[in-house]
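A quick write-up on the structure given underneath.
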């Protein structure tokens, strides 16, 4: 099926002098998770608000599941669920009351709305808190309730605006599981995030937005490849063995012979003579790793370590926009973001 | 930096329409959604009963205060003043209460939940109509308390029970109609306190420059002519006649026509302004 859940062309939104969204094109295939990645103020939320009929675009057009967001807003609204820091639930009502209200607004009878509320609270693990005032809810519980409220009508398209901002890693992982489950059940999800690893983990395709424009679009792998191939890093000691060549030179020769690239050298320091040097070469194919190791053994070069790394989305973002994604929560950072193969010497 | 669009757009996807949602359902659905929104308003009132302070304390305090302060001076005695002041204070209190609708709506709209309402396939008028409907409870409390206070102080309306109930309903209906004005002000004003300011600026002179507290014929000519055209005076007169003699005069008709006119003009304006905020 080649149907697209969202087709937006040249979306523009201007606030005063600020072109918050400046010609955004998006094509979101049905049944996928689409990530919109960008720092605060990049125009992510404004874009979602236009797609969700909460803001009228100043330029361009968008179709959501075949319906024009400006001409057929009610048809669009019937097919979407919106969850964000702005589209939330009512603070003054209990979790159950909120879900009953939204159920009734969507045309359920009071009884059906109550049944639905109980089901959803169960599904999102909020049954125990059903009657508690929302002020006592943790951030994660609030976010789950927000999401539950968007799912009453089981909309085929769900907008999640920064679903995990401010959540602790464990709660964030729960939210990720929920998103994966929704997609497994056939929904399409458009999510915005400032977390690079979140886009990497969840999204089938990613659009990187900066200053109201899409600066890159593709799968996470596409984006990483666009920045550079994988890199092989070999660490060798600086001490020259008796009767041999300096290990760095020998290793560089071996790397050049296999990969055809000159290695970049980084001195890693260390106390006096015990320092080490890291040699980095771009790698076309991971197969070359074995060749490099064989060649180093043949040349009797001792190495201290070897690693294979792909550029992280962090580096991608830096390369594409010239600045890093701001406001990163250090706690939420995933140490395994960069896949690495560590080979002990 | 270059805009690295890495993939060509998917080949000519003809967007097949997803199953068309059921039609919005017209007036019946809008009414049902408004009732659901009114239920929300009632839940909130039940959750935070302190917001009812104005409609509970004001009728008690104002009725006591004005009756004992002005009674002797205006009517010779407190007892003789009651048939004049109770309808007056009833109108003044209940109509002024309608201002709260606008300020609360303004506050409410700044909350995230209103964005969710906008993202739902519901009638645009429902969030407004629901809020206004729920506020009828406030008018009911204020009306009942003022009438009961009057009875306690010795007011014996000659019109009978039905006429008094009718007068109460008339006042509540007018307050509901007037609350559309404040709903509209709430939509176009920037903050809740500016809604409060604007509406008090209008309501204060309108309720006091009427025949609510004093007979109009004691006033200087220029003021008397204003008081006589003031719609609040017509309502007060209607209520006085209803409660005093049980007769519904043309004042009732004019009041109803005026109130309906306010709704017909202001409700669409308020909904338009609400939608523009979206």
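Side notes on the structure shown:
- Build a GNM of chain B with springs between Cα atoms under 10 Å apart, and of B:261, B:209, B:120 the one that fluctuates most is B:120.
- Cα centroid separation, segment A:71-141 to segment B:149-192 (Å): 34
- Extension gain, residue B:107 back to residue B:64 (0.36 nm per residue minus Cα-Cα distance, nm): 12.3 nm
- Sites residue A:297 and residue A:319, calculated FRET efficiency, Cβ-Cβ separation with R0 35 Å, nearest 0.05: 0.50
- Shielding by other protein chains, B:107-118, mean Cβ within 10 Å: 6
- Burial order of peptide ranges A:123-132, B:76-85, A:29-38 (average beta-carbon count within 10 Å, highest first): A:29-38, B:76-85, A:123-132
- Chain A: calculated mean residue ellipticity at 222 nm from DSSP helix runs of at least 4, using -39500 (n - 2.57): -10000 deg cm²/dmol
- Relative packing of peptides B:219-228, A:281-290, B:236-245 - highest average C-beta neighbours within 10 Å first: B:236-245, A:281-290, B:219-228
- Peptides A:240-252, A:59-71 ranked from most to least packed, by the mean per-residue count of other Cβ atoms within 10 Å: A:59-71, A:240-252.
- Spin-label model distance (nm) - residue B:260 vs residue A:131, 7 Å beyond Cα toward Cβ: 4.7
- For A:89-95, mean number of other protein chain Cβ atoms within 10 Å: 5
- Gain upon complete extension [residue A:85, residue A:284; 0.36 nm per residue less C-alpha separation]: 67.3 nm
- Using every pair of separate Cα atoms, the Kirkwood estimate puts the hydrodynamic radius of the protein assembly as shown at 29.1 angstrom.
- The protein assembly as shown - share of DSSP beta bridges that are antiparallel (%, nearest 5): 70
- Chain B, helix-only ellipticity at 222 nm - DSSP H runs n ≥ 4, -39,500 (n - 2.57), divided by all residues, nearest 500: -24500 deg cm²/dmol
- Peptide A:215-223 has a mean shielding of 3, counted as Cβ atoms of other protein chains within 10 Å of each residue's Cβ.
- Sites residue B:42 and residue B:208, calculated FRET efficiency, Cβ-Cβ separation with R0 35 Å, nearest 0.05: 0.65
- Segment A:229-309 - Kirkwood radius from inverse mean 1/r over Cα pairs (Å): 12.5
- Cα-based Kirkwood hydrodynamic radius, chain A, one decimal, Å: 22.9
- Pairwise FRET efficiency - residue A:176 versus residue A:114, Cβ, R0 = 25 Å, nearest 0.05: 0.25
Any read-out appearing in this document is the output of simple, stated calculations on the displayed coordinates, not a laboratory observation. Remember, it's a predicted structure, so these values are computed and weren't measured experimentally. Cβ coordinates were reconstructed from backbone atoms using ideal geometry, including for glycine residues, and neighbour counts include every protein chain displayed.
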